[in-house]
Amino acid sequence: MANTDKTINDFNNKRMGSFNWSGFRTLYEKEVRRYCKVFGQTVGAPVVTTLMFMMIFTLALGGSGRYIGDIPYSVFLAPGLIIMSVLQNSFSNTSSSIIGSKMQGNIVDILLAPLGAKEIALGYALGGITRGIMVGCFVMLAMTLMTDITFTHVWAIVYFGISGAMLLSLLGIMTGIWGQRFDQTSAINNFVIMPLSFLSGTFYSIERLSGAWYTVSQANPFFYLIDGFRYGFTGQAEADPMIGVVYILTLNIILWTSCYKMFKSGYKLRA
């Protein structure tokens, strides 16, 4: 009887305690296994697509003989494409996972489990971060066959890579909770994520922009992610990397708080 009471108390402590590590780990593993089952589609396809962008801009458009400042164009372009693949796949993972669970009706299994809002939010977020970083690593390895990859400031590569993946994972969570159909998540990707990506200086220096477009780029979080990530490889940046550090950290705190509150309140999750 004493052992039974102890087991019940242990379960209640896991459920009502400050953090359910076992439940969090289970949710995280579920997310990772979900996309690893279709590895070719979730990881292989983005790598091939990114390499095609690299080939088009460095070969078909004559980029191999171009320079951005004193940096060869291929060296300038590679970090931007790597971090873009990280961002897009982090967003895609969390948004598609949650909207899929809502449409299939099994999101209730997560909500009824002994998991708090912070465990659910963190489990989904880390699942998206892991996929984004995984894709980014494979893209970077492939890029070494096409251009010179050097590591000048490792801290910048690590910080902007992980914080960027977290930013888009959290945005994907919010999109998945808000949306009711896959076309709504596609709309966010097409009308928000993609424009911000192409106006971020991935393919060019934003110094070439003028007027309102330059001002918009200065407020674009994607610009600071890509510029900071590129700084880690080339040692050159168009903006102060520390501004990017603070800006992205602030956005992540805001998005994390929003995701936590959405799960806590059951916004668009409970019938």
Filtering the range 14-24 down to residues that are surrounded by fewer than 13 Cβ atoms within 10 Å (Cβ to Cβ) and at pLDDT 90 or above yields 21, 22
Taking the conditions exactly as written (at pLDDT below 95, open to solvent by less than 40 Å² (accessible area, probe 1.4 Å) and among the hydroxyl-bearing types (Ser, Thr, Tyr)), does residue 210 satisfy them or not? no
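Residue check: is residue 186 of a type in the set (Gly, Ala, Ser), out of contact with any His (no Cβ under 9 Å at 6 or more places or on another chain) and open to solvent by 50 Å² or more (accessible area, probe 1.4 Å)?
yes
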Which count do you get for residues in the range 253-271 that are open to solvent by 10 Å² or more (accessible area, probe 1.4 Å) and either not hydrophobic (A, V, I, L, M, F, W, C) or not in a helix (DSSP H, G or I) (or both)? 11
Go through the range 103-129 and count every residue that is in contact with an Asp or Glu (Cβ under 8 Å, 6 or more places away or on another chain) and not hydrophobic (A, V, I, L, M, F, W, C). 4
Six or more apart or on different chains, Cβ atoms under 9 Å: show the pairs whose first residue is in the range 183-207 and touching a residue at least 24 places away in the same chain (Cβ under 8 Å) and whose second is among the acidic types (Asp, Glu) and open to solvent by 50 Å² or more (accessible area, probe 1.4 Å). 201/207; 201/238; 205/238; 206/238; 207/238
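Taking the conditions exactly as written (touching a residue at least 60 places away in the same chain (Cβ under 8 Å) and outside any helix (DSSP H, G or I)), does residue 51 satisfy them or not?
no
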Every residue from the range 146-178 that is surrounded by fewer than 18 Cβ atoms within 10 Å (Cβ to Cβ) and within 24 Å of residue 105 (Cα to Cα): 178
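Name the helices (runs of 4 or more DSSP H) wholly inside the range 139-252 in which the number of residues that are farther than 13 Å from residue 83 by Cβ and out of contact with any Ser or Thr (no Cβ under 7 Å at 6 or more places or on another chain) is 2 or more.
Those helices (runs of 4 or more DSSP H) span 154-178, 182-188, 194-198, 212-219.
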Number of positions in the range 214-226 that are more than 16 Å from the chain's Cα centre (by Cα) and either buried (at least 18 other Cβ atoms within 10 Å of the Cβ) or in contact (Cβ under 8 Å) with a residue 60 or more places away in the chain (or both): 1
Go through the range 107-143 and count every residue that is in contact with a Cys (Cβ under 6 Å, 6 or more places away or on another chain) and surrounded by fewer than 19 Cβ atoms within 10 Å (Cβ to Cβ). 0
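Might you check whether a residue that is among the polar types (S, T, N, Q), in contact with a strand residue (DSSP E or B) (Cβ under 8 Å, 6 or more places away or on another chain) and at pLDDT 85 or above occurs anywhere in the range 129-150? So that I can check it myself, show each step before the final result.
Taking the range 129-150 first, the residues among the polar types (S, T, N, Q) are 130, 144, 147, 150.
Checking the rest, the ones that are also in contact with a strand residue (DSSP E or B) (Cβ under 8 Å, 6 or more places away or on another chain) come to 147.
Within this subset, residues satisfying the condition of being at pLDDT 85 or above are 147.
Yes, the range 129-150 contains at least one residue that is among the polar types (S, T, N, Q), in contact with a strand residue (DSSP E or B) (Cβ under 8 Å, 6 or more places away or on another chain) and at pLDDT 85 or above.
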Just to verify a result, which residue in the range 31-74, among those that are polar (S, T, N, Q) and open to solvent by 30 Å² or more (accessible area, probe 1.4 Å), is farthest from residue 143 (Cα to Cα)? 41
Just to be sure before I move on: is residue 77 in contact (Cβ under 8 Å) with a residue 24 or more places away in the chain and surrounded by fewer than 20 Cβ atoms within 10 Å (Cβ to Cβ) in the structure I sent? no
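The values are calculated or read from the model by the stated rules, or taken from the named source; none is laboratory data. Quick caveat: nothing in here was measured; it's all calculated off a predicted structure. Note that each Cβ is placed from the backbone with ideal geometry, even for glycine, and that neighbours are counted across all protein chains shown. The accessibility values were calculated without ligands, DNA or RNA, using every heavy atom of the protein model including side chains. Shrake-Rupley method; radii C 1.70, N 1.55, O 1.52, S 1.80 Å.
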